[in-house]
Amino acid sequence: MKKTVLIFVSVLFTFVSCKDKMNQFAVPDYKSWKRPVAEILDTPIPGHGESYRVIYANDIAFQSKIIRDGNTRRVFMNDGSVIVKEVYKKREDVGYKVPGLFIMKKDIKYPEALNGWVYYMKKPGEPAMEIKWRMCVGCHEAANEKHPYFDGNKEGMFRDYLFVNIAR
Ligand code: HEC
């Protein structure tokens, strides 16, 4: 009996660690990417305390379009878009210390994507962790209506879950 349990446990562990590897997201070399906003962001975000943030996006994201959908306009972010947000604790750390990373990757075919997006969080020195629960998306839904950040999405346009406006 003990042996069966042991085998079961080790099989489970192999399965879990394989699964972890599958989900492990290799953070791209984003430092050469363009920045949709030049400034270091320091507006307080509810529940996040004080932080200083820098956003980068890949070329696929920058090629995304605002499309017509009947009488309304909406953002459609291209499949393969990646947006990386660096988070620093102090302004003087920006560009010097290793930041925490918040990452959104558009991966329409990924079955566990949330409205087409996969969300990751990476603490310095740790692998990127996929966030499958509503923690990120629950707040990013607010980007699809008027909000207090950047241009404020005054039209209340569907912005494909991004606060910053990258699509043209
Ligand atoms: C409480 C609300 C809230 C939560 C929760 C949240 N975000 Fe955000 N996020 C924002 C706001 C507001 C911005 C606008 C930029 C700024 O000021 O940092 C933003 C910006 C971003 C950006 C840059 C693209 C954009 O939308 O402007 C990324 C990438 C991002 N967040 C990823 C994440 C990930 C990953 C998580 C979960 C681990 C997460 N966020 C959780 C509010 C939130």
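Nothing in this text is a laboratory measurement; each read-out follows from the coordinates by a stated rule. Owing to the predicted nature of the structure, the values given are computational and were not obtained by experimental measurement. All Cβ positions, glycine included, derive from the backbone under ideal geometry; neighbour counts span all protein chains shown.
Close amide H contacts of F158 (hydrogens built in the peptide plane, cut-off under 5 Å, sequence separation of 5 or more or a different chain): V75. Residues of region 95-116 with an amide N closer than 15 Å to a point placed 7 Å from the Cα of E126 along the Cα-to-Cβ direction: 99-103. Among DSSP beta bridges whose residues both lie in the chain, state the antiparallel percentage, nearest 5. The antiparallel proportion sits near 95 percent. Only the Cβ atoms of Lys and Arg (+1) and of Asp and Glu (-1) were treated as charged; on that basis the dipole of the chain about its Cα centre amounts to roughly 300 debye.
Karplus-based coupling profile of region 146-160, in residue order and whole Hz: 4, 8, x, 9, 6, 7, x, 6, 4, 6, x, 6, 5, 10, 6, with θ = phi - 60° in 6.51 cos²θ - 1.76 cosθ + 1.60 and x standing for Gly or Pro.
Projected onto planes of every orientation and averaged, the convex hull of the alpha-carbon atoms in the chain covers 12.5 nm². Relative to the longest principal axis of the Cα atoms of the chain, the long axis of helix 2-23 lies at roughly 20 degrees.
Proximity of backbone amide H atoms, modeled 1.01 Å from N, is registered between G100 and V87 at under 5 Å, excluding neighbours fewer than 5 places apart on the same chain.
Order 39-50, 65-76 from most to least packed using the mean count of other Cβ atoms within 10 Å.
On the way: 39-50: 10.3, 65-76: 12.4.
Descending mean neighbour count gives 65-76, 39-50.
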